[in-house]
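Report on one structure; see the data block that follows.
The values are calculated or read from the model by the stated rules, or taken from the named source; none is laboratory data. The structure presented is a predicted model; accordingly, all values stated were derived computationally and were not measured. Every residue, glycine as well, gets a Cβ built from its backbone with ideal geometry; the counts of neighbours run over all protein chains shown. Protein only, heavy atoms only, side chains kept; ligands, DNA and RNA dropped before computing areas. Shrake-Rupley method; radii C 1.70, N 1.55, O 1.52, S 1.80 Å.
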Amino acid sequence: MRFTNKHFITNRVNRFVSFICVLSLMMLSLFCPVAAVEYERNQSKISTALLQQLSSIDKTETIPVAVWLNDIEYDENAINAQANATVDVIKSTITNEKTTLNQDNNFSFLLSSGDNPEELNDTQLFLEAKRKIFFDLYTQSNTTRVETQLTADTTIDAAQVTWVSHFSPVIKMNLTKTQIISLSQHNDVEEILLDNRSIFPQGIDDDIFSDDVVPKSDNPTQVTTPYEVWQETTNITYVKSLGYDGSGVKVGLCDGGKLDYPNLDANKRRIFDTLYREGRLIADPSAYVNDPGHAISCGGVIAATDGSVPGIAPGVTLYSTAGHNRTGGDYGAIEWLISSGCRIISISAGGAETNTYEAFSKWIDHIAIQHDVTVVFSSGNGGSIGICDGAMSYNSITVGASDDRNTVSRIDDIHAPFSSYYSGSSTSLPIKPDLVAPGASIEIPGVNGSVASGIVSGGTSISCPIVAGVIALMYEMRPSLEAKQALTKAILLAGISRCGSLTRNSVAGSTITAMQTKTGAGLVDAKAMRYIAENGRFAAGTMGSGVSAHTTTFNVSSTDTYTRVCLAWLKNNRISNSHITNSPSNPACALLYLKVQAPDGTVYESKRNGGNVQLIAFTPTMPGQYTITITKAAAPSAEPNVHFGLAWY
């Protein structure tokens, strides 16, 4: 991704338009107070960004919008019980028949992907059974509401409905200003947001993808880092040497084009020969068909099976899609990945909007928690311009880029200057990026001429799939983590060894988080991640309405052991358990605090008032038992249940 000065100018223009909107409303209030009240009431469900657009168009012009409906009514416990019952039926059939299931009795219709159940572990069976239940519920609810309510009760024509979600209470439409205002008064509509999110294939928009795929480095003397160096720096080499390769994990890639192997350039596709031959490279039949250099690079980092430069997790099954020219755009592409059973979705692309929490980010937070999927975003290549849309979602893992300076040592690594970060002070937005990975002129899987010998690339577009690949290794180690997004993030962010300026220590007696603005928790570390995952140095749970604190302990054996504790929790963009009709599906994010107390009473705290991560890092003053305390500082009354993950290293 690239951001240019036009995005800075666009932001300035948007702020000016916002001022005009407010000024107009003030004038309306002065000269026609009754009309002003009615106007304000009608706009209460229209997002700020959409209001800005409405002020600059005429009555006949249409705008793409995402209409959020009141979420479906369901009981989460009942859904889980139904999914577990499905798993029991499938497993019982396999056990009793003692034969391989055939197409007539394999129960694949009970799973979202339709895959052979014998190829899935228990966690995967449960997740896909649960997704299929939600697919049916949302499809029926949304289709019915479009047919009988929205288009019937307003002036909207059915042809203006461009996409109906199968996994969320969202319908995409092209509407006029009058239609938007009218629809905002509908009882079943929660919110209407501007839908300006698009991923473009290479060559269509230079602001999104350049001919060089991604920027290399701001340092003209930058030396290309061989893959052996950066994979050792991140300890990926160590974890792979233990035999892990991501086998059994489904990874989704949403990019500018899809990896449709038969239609790819005969030379470029060589890094996926084995992956395709074994049936583990699957392209979305409804996605845009082109020769996607950017997607080849990102997909190769994760799953390249052939050539001299290996992918991080060549044992995964890779699903490839693209939002451009596809029904539903990015939403439709990502829902295809969800229905296919993907546990991880890697997205190294973004639009021009930065540092905002609008339609796409809200939707990502919904599907992540509702459908147990880990979404990994690149932060963008605009430096201080900010984090691109989608990557500002709370429940995603957003990855920036580091410069490894062509050494194996982690201590000399620095923030890559082009790597985007959120530099604002608003506590209503999360700290992004969450962590960083190598991205400054590194060697990745690719083809030079007709030889699969590696290519030079970089940028956060490459950093993102590096982290996605590491998560695939984690899920192979601990399949049960596939259903725990908050815990996945906590393990990644706690599992980071010292890496110079990319990390910082907590100060005893202070409440300042160890998360940093430009680099988040620091440089991804597969070895530290593995130590936490395989030794069970983590906990997960739900803090309900009657729970205000959670306490656990861990042991420190030596005073020279760098210690980190991370707490992550999910933003509840859904309504869980038995709940009242018309409850909001976008409640405020809960706020949790983290404290670690040493045996001698020394206290370290992280109390950032915003986001959904707290991090403590310190060198212990003494060995012994340390106490971790999580405190619930705030939670929305509409959704008091806070799902958290806690990890310590």
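Residues checked against (1) outside any helix (DSSP H, G or I); (2) out of contact with any Asp or Glu (no Cβ under 7 Å at 6 or more places or on another chain); (3) in the same structural domain as Gly390 (by TED's automatic domain parsing):
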| site | (1), (2), (3) |
| --- | --- |
| Ile282 | yes, yes, yes |
| Pro285 | yes, yes, yes |
| Gly299 | no, yes, yes |
| Val309 | yes, no, yes |
| Glu335 | no, yes, yes |
Counted residues, the range 393-412 - those being among the hydrophobic types (A, V, I, L, M, F, W, C) and either under 13 Å from the mean Cα position of the chain (by Cα) or open to solvent by less than 10 Å² (accessible area, probe 1.4 Å) (or both): 3
Would you check which residues across the range 238-277 are in contact (Cβ under 8 Å) with a residue 24 or more places away in the chain and either of a type in the set (Phe, Trp, Tyr) or over 29 Å from Val524 (Cα atoms) (or both) and list them? Tyr238, Tyr244, Asp260, Asn263, Leu264, Asp265, Asn267, Phe272
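Given the residues Asn448, Asn395, Asn406, which is the only one that is in contact with a strand residue (DSSP E or B) (Cβ under 9 Å, 6 or more places away or on another chain) and without any contact (Cβ under 8 Å) to a residue 12 or more places away in the chain?
Values: Asn395 fails: without any contact (Cβ under 8 Å) to a residue 12 or more places away in the chain; Asn406 fails: without any contact (Cβ under 8 Å) to a residue 12 or more places away in the chain.
The unique qualifying residue is Asn448.
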Residues of the range 586-612 being open to solvent by less than 40 Å² (accessible area, probe 1.4 Å), aliphatic (A, V, I, L, M) and assigned to a loop (DSSP other than H, G, I, E, B), which ones? Ala590, Ala598
Is it true that Arg343 is open to solvent by 10 Å² or more (accessible area, probe 1.4 Å), of a type in the set (Lys, Arg) and out of contact with any Pro (no Cβ under 6 Å at 6 or more places or on another chain)? no
Show the residue pairs that are 6+ apart or on different chains and have beta-carbon atoms under 9 Å apart, the first residue being within the range 541-564 and under 14 Å from Tyr626 (Cβ atoms) and of a type outside the set (A, V, I, L, M, F, W, C), the second being open to solvent by 80 Å² or more (accessible area, probe 1.4 Å) and part of a strand (DSSP E or B). Thr553/Gln625; Asn555/Gln625
Would you pick out the residues in the range 614-643 that are assigned to a strand (DSSP E or B) and open to solvent by 10 Å² or more (accessible area, probe 1.4 Å)? Gly624, Gln625, Thr627, Thr629, Thr631, Lys632, Ala633, Ala634, His643
Residues in the range 430-437: is at least one at pLDDT below 90 and within 30 Å of Ser165 (Cα to Cα)? yes
Take the residues of the range 557-585 that are in contact with a strand residue (DSSP E or B) (Cβ under 7 Å, 6 or more places away or on another chain) and at pLDDT below 95: which is surrounded by the fewest Cβ atoms within 10 Å (Cβ to Cβ)? Pro584
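To keep it simple, each residue is scored yes or no on (1) modelled with pLDDT under 90; (2) among the hydrophobic types (A, V, I, L, M, F, W, C); (3) crowded, with 24+ Cβ neighbours inside 10 Å; (4) closer than 22 Å to Ile347 by Cβ.
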position	(1), (2), (3), (4)
Ala391	no, yes, yes, yes
Tyr421	no, no, yes, yes
Ser425	yes, no, no, no
Val451	yes, yes, no, no
Thr460	no, no, yes, yes
Subset of the range 505-524 that is buried (at least 20 other Cβ atoms within 10 Å of the Cβ) and within 19 Å of the chain's Cα centre (by Cα) - its residue that is nearest to Ala490 (Cα to Cα): Ala521
Having 1 or more residues that are farther than 22 Å from Ile369 by Cα is the bar; report the strands (runs of 3 or more DSSP E) wholly within the range 517-575 that clear it. 549-556, 563-569
Among the numbered criteria (1) farther than 23 Å from Leu120 by Cα; (2) hydrophobic (A, V, I, L, M, F, W, C); (3) surrounded by fewer than 24 Cβ atoms within 10 Å (Cβ to Cβ), which one does Leu435 miss? (3)
In the range 133-187, what count of residues is obtained for those that are hydroxyl-bearing (Ser, Thr, Tyr), closer than 16 Å to Ser47 by Cα and open to solvent by less than 30 Å² (accessible area, probe 1.4 Å)? 2
